[in-house]
Amino acid sequence: MGHSMRWAAIAVAAMLAGCGDKSQQAGDDTLRIIIGQASPLTGPQAHLGKDNENGVRLALDEINAAGLTLGGKKAVLVLQSEDDGADPKTATTVAQKLVDEGVAGVIGHLNSGATIPASKIYYDNGIPQISPSATAVAYTAAGYNTAFRVMTNDAQQGSVLGKYAVTHLGAKKIAIVDDRTAYGQGLADEVEKAVKAAGGEVVAREYTSDRATDFMAILTSIKAKAPDVVFFGGMDPQAAPMIKQMKQLGITAKFLGGDGAQTPKFIELAGADAEGALASNPGLPLDAMPGGAAFKAKFEAKYGKIQNYSPYAYDAMYVLVEAMKRAGSSDPAKYLTELPKTDYQGVTGHIRFDAKGDLAGGAVTLYQVKNGQWQTLETVQSGK
Amino acid sequence: MDIFLQQLVNGLVLGSVYALVALGYTMVYGILELINFAHGEVTMMGAMVALAVIGALALAAPGVPGVLMLAAGLAVAIPVCVALGLLIERVAYRPLRHAPRLAPLITAIGVSIILQNVAMLIWGKQYIPFPAILPQGRHTFYGASITDVQIAILVLTVAIMLALILVVQKTRLGRAMRATAQSRQVASLMGVDVNRVIAATFAIGSALAAVAGIMVSAYYGLAHYYMGFLLGLKAFSAAVLGGIGNLGGAMLGGLLLGLIESFGAGYIGDLTGGFLGSHYQDVFAFFVLIAVLVFRPQGLLGARGVERA
């Protein structure tokens, strides 16, 4: 009994040592740096998850091909990609797995719902994390010094939307509706603040749910207040019947939505009534990115069509490695202090972080439905 | 005034849909004292089947007038829902007719979950758009507007109600239904085929559900595998409000619930100075429901005591 226990202990120790080896040293004196990537690689969002993975992989391959030297030592990046299934519970399991594998940093996750619970695990283990696509304010609001994002957050989007309604659409009276979800309410609150700051008046604040399809009552009471713009914080299944019912009631106010409404499904569901609707999306369209065309050529030669966030994932990988270079080390404890100082000109634009780890001056793009298609109107920098 | 009138129209249209679905609950309850919780899902199935037919037609023959496509959708959805209603009754309720009353309640919930999942497997979790095939006419009177679809819903609901009351009061089947509702045993001793009457009740209720489902999806422009749940809950509440088991009560309860919701959501914010917003719409509706039931536990038009032996 005593003997077998001792042997087992030695075997485990050897295995652990083996693991340590894998992350630190690879045969010769080249430093092996494991980079974690987490996104849904299966399920309905698998195409988006794979897109993020390929964005990271493209940057990683480029960095390796160009040769990486940290603190006078040759280094090579190794990708460890994990599937979080867009599920908060799986995300924490995957995050723990990446930490146990000894990753030096993580690019991910894709969804806010998965990113937020995972961020605590990275923080507890001191592993820097950059999300290329999470927009929920809560991700960086927890105050973890390991959490960063290269994507515009919902608060930035809301403030741009509110200001846009007043200054660009010339609205004096604005009605705001939200669906009482964390996303919808958060966005609507930011819009309300920005409208007031820009000198507009919020004439109605109405509420619905993310299951509702009947908005006649609240729209009728909105109609009585004759707003110039109706803003809706919520998703397309509500936004589409809402704009239809606005037309039915003869409301002539412009419809303005966030990224939950800026979808092809919105146009499909609202049909002809979608015409003229305005909505925003965080970030900027590929053809408006400074390095968009070059990225597209490189990416599509290797992986096919860009889905959505791969340019951001690509930039996130470079931001991480640039911080390692400045610190001369891939030790998370050492290069983590370099990340807030990031000042990087990436494919998606100029990347700097604010005190919370959010993208400073994150861009928001406005779109309008014209001839049954979302057309780009313009891109606005938040905080300006 | 125009706003008041508009809320009245909103409430009446919403209430008509509730009333139509509530009829299905109330008919089954009147005869079996069973709450058929799967009824909301039958409504959803009606909408989904009709949309599938209309969607296929709109692709195959885009020139066909919208009203004809709608009729084709109804022509397929009604038999499908009737068959579904009969199947549910045969499989989930009839074997449990002499079981304790909680047992069929559980199977009802089970059937409801099964139907939701079947719909999700067939049509996915996506919202399905209702093709723009119907006339989009809008009429304005005294500052309030009403669309052709809304008028059609109101007219159709009233017509169906009258027809149903005629069937129950004037036909042999109606008499058998009333007899079965009073006492299943005595009715069967008098030569009424109780099983046939119950099946007919489910068939009529499911046909109404199919019509209501199509109305809802045409009105809001979409359908979804989950749409039956909330609709069923509201319609059930309407049936209880009006007095469950009573046809006129279902209609009254449906219309009242629609009006309460509409006026509640429309005025609650202004009346309370913004203290309570339109998110209290459902709270308000169910508060009225509770208040009515405290003073009239049998519902507005429900008979006091038990009609059945």
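General observations
- From the list A:Lys247, A:Lys325, the one residue that fits, being at pLDDT 90 or above and within 14 Å of chain B (Cβ to nearest Cβ), is A:Lys247.
- Tabulated pairs, the stretch B:116-139, first more than 13 Å from every other protein chain (Cβ to nearest Cβ), second surrounded by 19 or more Cβ atoms within 10 Å (Cβ to Cβ) and assigned to a loop (DSSP other than H, G, I, E, B), C-beta under 7 angstrom, 6+ apart or interchain: B:Gln116/B:Tyr225; B:Ala119/B:Tyr225; B:Trp123/B:Tyr225
Condition check ((1) surrounded by fewer than 15 Cβ atoms within 10 Å (Cβ to Cβ); (2) outside any strand (DSSP E or B); (3) in contact with a His (Cβ under 9 Å, 6 or more places away or on another chain)) across all residues:
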residue: B:Ser145; (1), (2), (3): no, no, yes
residue: B:Val155; (1), (2), (3): yes, yes, no
residue: B:Ile160; (1), (2), (3): no, yes, no
residue: B:Gln169; (1), (2), (3): yes, yes, no
residue: B:Ala179; (1), (2), (3): no, yes, no
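- Scanning the stretch B:265-288 for residues that are part of a loop (DSSP other than H, G, I, E, B) and surrounded by 15 or more Cβ atoms within 10 Å (Cβ to Cβ), we see that the one that is farthest from the other protein chains (Cβ to nearest Cβ) is B:Leu276.
- Any chance B:Ala56 is surrounded by fewer than 19 Cβ atoms within 10 Å (Cβ to Cβ) and either touching a helix residue (DSSP H, G or I) at 6+ places or on another chain (Cβ under 8 Å) or aromatic (Phe, Trp, Tyr) (or both): no
- Selection of the stretch A:209-244 for residues being touching a Phe, Trp or Tyr at 6+ places or on another chain (Cβ under 6 Å), over 18 Å from B:Gln281 (Cα atoms) and within 8 Å of chain B (Cβ to nearest Cβ) yields A:Asp236, A:Pro237, A:Ala240, A:Pro241.
- Just one of (1) out of contact with any Gly (no Cβ under 8 Å at 6 or more places or on another chain); (2) in a helix (DSSP H, G or I); (3) closer than 25 Å to B:Leu222 by Cβ; (4) touching a residue at least 12 places away in the same chain (Cβ under 8 Å) fails for B:Ala108. It is (3).
- Filter pass, A:Lys254 being surrounded by fewer than 22 Cβ atoms within 10 Å (Cβ to Cβ), within 10 Å of chain B (Cβ to nearest Cβ) and among the basic types (Lys, Arg): no
- Restricting the stretch A:13-44 to residues that are farther than 18 Å from A:Val103 by Cα and either part of a strand (DSSP E or B) or among the basic types (Lys, Arg) (or both), the residue that is modelled with the highest pLDDT: A:Asp29
- Flag for A:Ala155 being of a type in the set (A, V, I, L, M), in a helix (DSSP H, G or I) and either modelled with pLDDT under 95 or crowded, with 21+ Cβ neighbours inside 10 Å (or both): yes
The values are calculated or read from the model by the stated rules, or taken from the named source; none is laboratory data. Remember, predicted model here, so these are calculated numbers, not experimental data. Methodologically, a virtual Cβ is constructed for each residue, glycine included, from the backbone with ideal geometry; neighbour enumeration extends over all protein chains shown.
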